[in-house]
Structures are given as C-alpha cells and as structure tokens.
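One structure is given below, encoded as structure tokens.
The values are calculated or read from the model by the stated rules, or taken from the named source; none is laboratory data. Because the structure is predicted, anything quoted here is derived from the model rather than measured. FYI the Cβ positions are ideal-geometry reconstructions off the backbone, even for glycines, and counts take in every protein chain you see.
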Amino acid sequence: MKRITLPLTDEQISTLKAGDSVLLTGTMITGRDAAHKRLFELCEKGEELPVDIKGETIYYVGPAPAKPGYAVGPAGPTSSYRMDKYAPTLLDLGLKGMVGKGARNSEVIDAIVRNHAVYFAAIGGAAALIAKSIKKTEPICYEDLGTESVRRYYVEDFPCVVAIDAEGNNVYSY
Amino acid sequence: MSFRKIKAETVTETVRKLFMDCNYYIGDDIMNALKSARETEQSEVGKSVLSQIIENDEIAAAEEIPLCQDTGMAVLFVEYGDKVCIDGDFEQAVQEGVRRAYDEGYLRKSVVDDPVFDRVNTKDNTPAIIHTKIVKGDKIKITAGGKGFGSENMSAVKMLTPSYGVEGVKQFILDTVRAAGPNPCPPIVVGVGIGGTFERCAQLAKKATFRRIDTHNPDERYASLEDELLAEINKMGFGPAGLGGNTSALAVNIETSPTHIAGMPVAVNICCHAARHKSAEI
C-alpha cells in the first residue's frame, strides 16, 4: 500500500502504476455533474474559474448530509464517465488527479497521458467507510448546488486504487 | 361490506421508517452473499474490496448512517387492500413519509423537478415513484427501496420478438450487463422482467431487484436461467468494484408476465451491491 500526499507532484505521479492500492492524505476539491457543467461553460467562454484547479485533485462526489458530530456524511465516489465530456478541458488547464469510479473514454485517457495526470478509483458504495478518512470540509463555490457544490476536503489515508496511470495503463481492461 | 380504517399518519410513519431502515441496514440476504463471495473470490483485490464493502455495511448499521451516499430515488410497490379506507390522501401520506425520512434520516436529496431544462433539486427527495396494485383484503403491504442511479443508468429495455427465443433473451441480458461493466458498483443484482408490455416488463425488472436474492423464480425453467446467467456474468471478469475478479454479480432475479402473441419484451434493471429494500404490512 503506497501512501501519497496531496497535492500531487509530477514525480509522485510518475511512480503510480495502474492497479496500485494507495492511501491519499492532503487536500482535494469536490465536484460532479452540475459543477462540471458550470466550470466547462466558463472555460468555453474563456472566463476565470471560481476555483483554481491547477495542480488539484478532484473527487467526483455528492455526499449525504452529515449527522451531528460528523465532519461529512457518507461520501463514496460517483460514476466518472458522466464527467468525461468535461475532464479533458480541465486536465488541459492543469488538473492533475481525479477520483471516481468506473471506466473513462479514450479522450480522457489521452488527456491524462498528455498532461501527466492520474485517475484513481474509490470503491463505489463504500460511502460510510470512505467518510471516515475525510476529516474536514469547507465550501469553495456553487453552494446553491447543495450536495453537488464544490468543496475542499482534507483527507487522511483515503483508500483508492490507481485506475489509469500517466502512461495510460488502464485497470478497466478485462 | 365493512372497511378497515387506516390513518394517513400511520402510512406516513411506516414509509418514513422503511426508507430510513433500508438506507441504514443492508438485507441479511445481501450480507450473506457478500460474505460467501469473499470466500470464493479468486482475486486478492476483489477479496479486499468485498471486505471493505462488508465493513462499510456494518459501519452504516452500527452508526445508523446511509451505507451509500446515493440514497436513491424513492420507489414503492404497494399492495392496497380493497377493504381499506384511508382517512386522508394516500398518495400525499406516502410522499410525506418520504419527505420525513430523507430530512430526519440525513439521507441525500437527489431528485430534480424538471428532467431536461431546469434540473432544480426538490430538496426533499419527492416525488417518489409509487406502483400501486389493488388486492383483496383489509391490509396495505408496502415494499420500499432507494434506487441509486449509478446502476439505474446502466439498465435497458428491448422489444424482442418471439423468434429470438430463450437464446435472444440471454444474449440481451448478458450484453446489457457487459456494457455496464465496472460502472454500476459491482457485485450487482440483476433484475429482469420478461413479458407484458413495454412498461410492464420494466416494472417487473424493478420488482425483481426488490426480491430477496436467496430466492428463485418458482418456475424451475426460469430458476435455472437465473443460475445460468449468474454463472455467465461471473465469468466476465469485472469483479468487485470493477477491479477484476470472479464476483461481478450476486444474483439474477427474473420475473415474468403473460404477453402478446407478437411480443417478448425484456427489461434489465441493474442494481448495485447496495440493493436496499424493506417491507411492512399495515
């Protein structure tokens, strides 16, 4: 099990191979369908984004509400392919890591290789367990989107697997 | 003719409890299947994923928190006795139960009002999808489940025609599961509806995902088809979380209905390993 600190460095990304089990510690941002649509539309218009994604890792998640006493509600990954339309643009702008679940299309894999980035898979449906590794969250933007808003997560030993590495090796090829 | 009076509030409270319970406590049939799969899974990663899913489901039950953040769109199958009289509006009573469960139970509100243009969250997870069947008697039986959309999106309906035969049915089911691949949170539960009309077979497929997975179709021809398809799916190699292995599905449940002389519709409703449903009788 490899321990990785966020934000990711190019050197760290080079050591990651598809299939590696890793534990992530540090900060990541969150965003899923609705936030991606807004960020993408701003990119298309050439406008500034409300969050600096350069060097960031983004987690595709829409958590359940937190019970009192919890930092976050259950927060497992959502299906990544729905972000495939937007991901290459964000990668070209400097996004380095993505965390989600399931396969990506060839445009995303090409953009991962082109930008020396990485895609991690977390276990879908292990939301209560994964939430134990999320220690703190704070809002960044799009709070009107509720569970789909963009937040910053501080994670410790967040469990996932390298699904697509910077060379384009893909764990989802059977 | 005498009617049994049931308070609308009783319906609301029953629905509230069903949705909270199904999101916190995975069924013992699913838990047993996950544990036996951990014994037979050949991939080390697959075993580890199954252990983490089991641990996740134990945490959710112990702490009474949702086992998945996608607490689903609320779906109910209601068998409504023809001797029941509600002191109010049954539909509203059910929707109020859903509203309370998702609010008081810290469940995620995942429903948007307009599907194409506005997509604004209704903020209380209503409206629920309610399938009502009038039956004889003075009771109301409700089976409720939260259906996550990671797997719902991987489902499909096809209007097969009679000459396709059982081979055509098998091929469509396996093609749908293969196309879904790692996306619907395997190990999955595959609900299949065969027969009826376009909409009836889809409804049957949903109903099949709400059936316990330690049961078989009572017709032994369909029961053996369930076993055969499960074995085929588990050869596909997706494995737990799609990270490889021989546990891609926990069960295939088939439900059937009479159909038209020209038709053989088939619906495949895929459900993730968090196959959540609970039943109650009022």
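Some points to look at:
- Going through (1) under 24 Å from residue A:45 (Cα atoms); (2) within 11 Å of another protein chain (Cβ to nearest Cβ); (3) of a type in the set (D, E, K, R) one by one, residue A:92 falls short only on (2).
- Selection of first residues in the range B:262-280 that are over 18 Å from residue B:203 (Cα atoms) and of second residues that are at pLDDT 95 or above and in a strand (DSSP E or B), restricted to Cβ pairs under 6 Å at least 6 apart or on distinct chains, gives the following pairs, ordered by first then second residue: B:280/B:142.
- Leading residue by the ranking (farthest from the other protein chains (Cβ to nearest Cβ)) among those in the range B:34-69 that are of a type in the set (Gly, Ala, Ser) and in contact (Cβ under 8 Å) with a residue 60 or more places away in the chain: B:37
- Of all residues in the range A:1-31, those being under 17 Å from the mean Cα position of the chain (by Cα) and in a strand (DSSP E or B) number 13.
Per-residue answers, yes or no, for (1) surrounded by 21 or more Cβ atoms within 10 Å (Cβ to Cβ); (2) assigned to a helix (DSSP H, G or I):
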| site | (1), (2) |
| --- | --- |
| A:110 | no, yes |
| A:129 | yes, yes |
| A:135 | no, no |
| A:139 | no, no |
| A:146 | no, yes |
| A:152 | no, no |
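- Within this structure, residue B:168 passes the test of being of a type in the set (Gly, Ala, Ser), away from chain A (no Cβ under 14 Å) and in contact with a Leu (Cβ under 6 Å, 6 or more places away or on another chain).
- Just one of the listed residues (B:156, B:144, B:128) is touching a His at 6+ places or on another chain (Cβ under 9 Å), at pLDDT 95 or above and either surrounded by 14 or more Cβ atoms within 10 Å (Cβ to Cβ) or under 26 Å from residue B:260 (Cα atoms) (or both), and it is B:144.
- Residue A:54 being within 12 Å of chain B (Cβ to nearest Cβ), surrounded by fewer than 24 Cβ atoms within 10 Å (Cβ to Cβ), among the charged types (D, E, K, R) and within 24 Å of residue A:122 (Cα to Cα): no
- Residue check, residue B:176 at pLDDT 95 or above, over 13 Å from residue B:252 (Cβ atoms) and in the same structural domain as residue B:243 (by TED's automatic domain parsing): no
- When residue B:80 is tested against (1) under 23 Å from residue B:23 (Cα atoms); (2) in contact (Cβ under 8 Å) with a residue 12 or more places away in the chain, only condition (1) is not met.
- Listed by first and then second residue, the pairs with beta-carbon distance under 7 Å, at least 6 apart or on different chains, first residue in the range A:119-134 and more than 7 Å from every other protein chain (Cβ to nearest Cβ) and more than 15 Å from residue B:23 (Cβ to Cβ), second of a type in the set (Asp, Glu) and part of a strand (DSSP E or B), are A:133/A:156; A:133/A:157.
- Subset of the range B:139-164 (residues that are more than 11 Å from chain A (Cβ to nearest Cβ) and aromatic (Phe, Trp, Tyr)): B:164
- Neighbours by Cβ (under 9 Å, 6+ apart or cross-chain): first from the range A:163-174, buried (at least 19 other Cβ atoms within 10 Å of the Cβ); second in a loop (DSSP other than H, G, I, E, B) and among the polar types (S, T, N, Q): A:166/A:115
- Tally of residues being closer than 30 Å to residue A:120 by Cα and either surrounded by fewer than 24 Cβ atoms within 10 Å (Cβ to Cβ) or out of contact with any strand residue (DSSP E or B) (no Cβ under 6 Å at 6 or more places or on another chain) (or both) across the range B:178-209: 6
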